[in-house]
Protein chains: 2
Amino acid sequence: MGSDGTDNLSLDSIRKTLIGLEDTIIYSLIERSKLPLNSPAYKSSPFPGFHGSLMQLLVKGTEAVQAQFGRYQSPEEVPFFPDNLPPPIVHPSQNCSQKLPAAAASVNVSKDIWDFYVNKLLPQLATEGDDGNYVLSVASDLVCLQALSRRIHYGKYVAEVKFINETEAYTTAIRAQDKDTIMNLLTDTKVEAMVKQRVAKKAMVFGAEVTLSDSNGSNTNNYKVEPSVVSRLYDEWVIPLTKVVEVDYLLKRLE
Amino acid sequence: MGSDGTDNLSLDSIRKTLIGLEDTIIYSLIERSKLPLNSPAYKSSPFPGFHGSLMQLLVKGTEAVQAQFGRYQSPEEVPFFPDNLPPPIVHPSQNCSQKLPAAAASVNVSKDIWDFYVNKLLPQLATEGDDGNYVLSVASDLVCLQALSRRIHYGKYVAEVKFINETEAYTTAIRAQDKDTIMNLLTDTKVEAMVKQRVAKKAMVFGAEVTLSDSNGSNTNNYKVEPSVVSRLYDEWVIPLTKVVEVDYLLKRLE
């Protein structure tokens, strides 16, 4: 690894990762959509010695386990409950994640991700209902949340590569702490439009009912998750929040 | 729920669940296949105060969290590490899972699932390599293991419905503890062949590289997980182990 810690970082390799995470996100949404909403799991329901909703408790508990194994040592992995996490007994080796300048550590939009997931996305994914099996739904939520968080916080790498490719323009804007110019510099509306189209198409392919009887591989009118829900998710949340991550990171890039 | 606890249990509704779990399993295998093998995570590597491989430790820790939220209160949910699980603070409500006769509780092929997953399936899924990011791979393994275990232990419901539909024939065979006859009674080779074909087709559809450029929705020659690996998985492990679960359950059905 070079002295700037970013050898092997290229926009191409990062885009490949982001495209792979599109699949991860869509699979996870499809899985959650199989289960009913199970709304009591999201309401504060204290048990002796516990505070918070079932979902909060399960996410917190699982993050504590994964923290021990080094999950939150990578800049793209941000816990939803960072307080009182146990220290890692295992550290990911150097090559598992690219190092980023110190600025990366404090960039965090987990609260926004949690809020849009629980309040906006989940009601569109899951049908009204309560089958009482809350642990399956919140375990499934965690998979969705982790995939979305990883995708969005990957914006740190995107920003770093853009900074390296256009250091001069970014440096001027960062010195002036000029958010608008930074936002303009990093926005590529053509790529964004393509991403939104592609995730809708993936929702159609991955969410098709596959039966042996149709020769085409899939029925085309019955998707497990509405393709428009996925493309709106990207339009309204994933892309904007990734850009918030990028801007936040860049504003601190020269500190 | 009726006095036999099996109202609403029908072979049709069970088959629907099993077909849904095919998707879950295939998505999870595709996700794991994106990561390198990371073999040190599967070797015994004790840390102070811990014993076992990283994978064992992470699965054990996550199961302890999920047990608190009632995961292992359903007959189809069997922990890989049942010893010393904390008691549930939440119990799934009655309607989340069909009740089964007491026989169900002791039927358990988790050890076989673990062994074939780690030793046979994983090396076919993941490419040789070590990126040092063990927690992501073992978290991904856990999703695969839970999906496979749920699918296989769902055999308890399959067996119960078959028993209800052909009580007389099964009762004679169970009284004689005649495994071969029970196995013959519950085997439907036509359905098995269909399942193997369908999962291969699903691996093609869900594992296709989806790009915007091809009009067809998917490139057809580059699958994320080899369809033949998935159909062999069903042929050699999922179907046979489900049948072991069914036979074990039935042998104890009249106790």
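What are the equivalent ellipsoid semi-axes of the range A:130-184, built from the alpha-carbon gyration tensor (square roots of five times its eigenvalues), in whole angstrom, biggest first? Mind showing how you got there, number by number?
Working: eigenvalues 320, 26, 7 Å².
Values for the range A:130-184, descending: 40, 11, 6 Å.
How many angstrom lie between the Cα centre of the range B:48-88 and the Cα centre of the range A:108-144?
Cα centroid of the range B:48-88 versus Cα centroid of the range A:108-144: 23 Å apart.
Which percent of Cα-Cα pairs in the protein assembly as shown sits in each 10 Å bin, short to long?
Histogramming the protein assembly as shown at 10 Å steps yields 4, 18, 28, 27, 15, 6, 2, 1, 0 percent.
Using only the Cα atoms of chain A, construct the convex hull and provide its projected area averaged over every direction, in square nanometres to one decimal.
16.1
Keeping all protein chains in place, calculate the accessible area per residue for the protein assembly as shown (probe 1.4 angstrom), answer in Å².
Solvent-accessible surface per residue comes out at 44 Å².
For helix B:11-33, report the angle its Cα long axis makes with the longest principal axis of the Cα atoms of chain B; keep it between 0 and 90° and round to the nearest 10°.
Once rounded, one gets 20 degrees.
Could you run the numbers on buried accessible area between B and A, total for both chains, 1.4 angstrom probe, in Å² to the nearest 100?
On the way: alone 13380 and 13360 Å², together 22410 Å².
Summing both chains' loss of accessible area gives about 4300 Å².
Please list A:K99, B:K243 in order of solvent-accessible area, largest first, computed with a 1.4 Å probe with all protein chains present.
Highest to lowest solvent-accessible surface, that is A:K99, B:K243.
To the nearest 10 degrees, how steeply does helix B:155-165 sit against the main Cα axis of chain B, on a 0 to 90 scale?
30
Of all accessible surface on the range A:11-251 at a 1.4 Å probe, what whole percent is carbon and sulfur?
Percent of accessible area from carbon and sulfur atoms in the range A:11-251: 52.
Along the charge dipole of the range A:55-202, Cβ charges K/R +1 and D/E -1, which of A:T127, A:L142, A:F163 sits furthest on the positive end?
The one lying farthest along the dipole's positive direction is A:F163.
Out of B:N84, B:N165, B:N133, any idea which swings most in a Gaussian network model of chain B, alpha carbons joined below 10 Å?
Of the options given, B:N84 has the highest mean-square fluctuation.
Under a 10 Å cutoff between Cα atoms, tell me which one of B:T189, B:T181, B:T171 has the largest fluctuation in the Gaussian network model of chain B.
Comparing B:T189, B:T181, B:T171 in the GNM, the peak value goes to B:T189.
Across the range A:187-202, in residue order, what do the Karplus-derived ³J(HN,Hα) couplings come to in whole Hz, using 6.51 cos²θ - 1.76 cosθ + 1.60 with θ = phi - 60° and x for Gly and Pro?
These are the phi-based 3J(HN,Hα) values: 7, 10, 5, 5, 5, 4, 4, 5, 4, 4, 5, 5, 5, 5, 5, 4 Hz.
In whole Hz, what ³J(HN,Hα) sequence does the range A:108-113 give by Karplus (6.51, -1.76, 1.60; θ = phi - 60°), x for Gly and Pro?
7, 10, 4, 4, 5, 4
Within the range B:62-134, which GluC sites (Glu not before Pro) sit in a loop by DSSP and count at most 13 neighbouring Cβ atoms inside 10 Å?
For GluC sites (Glu not before Pro) across the range B:62-134 that sit outside H, G, I, E and B with at most 13 neighbouring Cβ atoms in 10 Å, the list reads B:E128.
Per the helix-only calculation at 222 nm, which mean residue ellipticity applies to chain A, given -39500 (n - 2.57) for every DSSP H run of n ≥ 4 and division by its residues, nearest 500 deg cm²/dmol?
Roughly -16500 deg cm²/dmol at 222 nm, from the helical runs in chain A.
Give me the orientation-averaged projected area of the Cα convex hull of the range B:159-255, in nm², one decimal. Before the final figure, lay out the partial values.
On the way: hull surface 30.3 nm².
Answer in nm², one decimal: 7.6.
Residues with amide H under 5 Å of B:S53's amide H, sequence separation 5 or more or different chain, H placed in the peptide plane at 1.01 Å from N; which?
B:S45
Treating only the Cβ of Lys, Arg, Asp and Glu as charged (+1, +1, -1, -1), what charge dipole size does the range A:93-212 show about its Cα centre? Round to the nearest 20 debye. Don't skip to the end; give the middle numbers.
Working: 14 positive and 14 negative charges, 88 e Å.
Roughly 420 debye for the range A:93-212.
Give me the angle, in degrees from 0 to 90, between the Cα long axis of helix B:134-153 and the longest principal axis of the Cα atoms of chain B, rounded to the nearest 10.
20
With θ set to phi - 60°, apply the Karplus curve 6.51 cos²θ - 1.76 cosθ + 1.60 along the range A:228-240 and write out the HN-Hα couplings as whole Hz, x wherever there is a Gly or Pro.
Here the 3J(HN,Hα) series is 5, 5, 5, 6, 5, 3, 5, 5, 8, 10, 4, 5, x Hz.
The values are calculated or read from the model by the stated rules, or taken from the named source; none is laboratory data. This one's a predicted model, so the numbers in the text were calculated from it and none came from an experiment. In this analysis, Cβ positions are derived from the backbone assuming ideal geometry, glycine residues included, and neighbour counts consider all displayed protein chains. We work out accessible area using only protein heavy atoms, side chains counted, and drop any ligands, DNA or RNA first. Shrake-Rupley method; radii C 1.70, N 1.55, O 1.52, S 1.80 Å.
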